Amino acid sequence: MAAMLSTAPLLMIAQRASALIPANDDEDEELVSKAKANRQKRIVEEKDTEQDFAKSAGYNGITLLTIERGVKKLAKSGSELEAGDLSSVAKLASDSWVAEFKKAADSVATNANAKSAVSSAFSSISKLSSSAQRGDSSGAKQAFVGAVSSLQSWASGSGLQVKGL
């Protein structure tokens, strides 16, 4: 009996608390679907705006996509280098993306300084690959830093803002 009396106030509180929570009705689902649709619309509009800007600046989507992929691959090789996995670094730094990235970077380089930075960056990537193949961690790290530094110079000289550099 005493146990029943001691739990009665708790039951009353629990009942009151559940009454304070509004029921999930159909209007909420409509609002959620509207919000999702609006968000998708804004994403598409933003992407279109970015593509229009890239076209007006003289870049095509394939070039910029190739540059993005190249930066991501270089970042991945940096992560592998930091983890000490030189065999993965060697494989990444000598893959086909390097030539594609170089071609795209050359096409975007608009002045002599940017072209020189591209040349230096890809020379450093080549050194990164060869150092990693030899198992020279220190040389690979120096080459990686040189490649990133040169690519930063290239991006600023070309008027690009590349995330990840």
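Read-outs: derived from the displayed coordinates by stated rules, not from any lab. Just so it is clear, the model here is predicted, and its values are computed rather than measured. Virtual Cβ from ideal backbone geometry, glycine too; neighbours counted across all protein chains shown.
When Rg and Dmax are taken over the Cα atoms of the range 97-165, they come to 12.0, 36 Å.
Average 1/r across all pairs of distinct alpha carbons in the range 38-155, invert it, and you get the Kirkwood radius: 15.1 Å. Using R0 = 35 Å, the C-beta based FRET efficiency linking Glu82 and Ser116 works out to 0.80.
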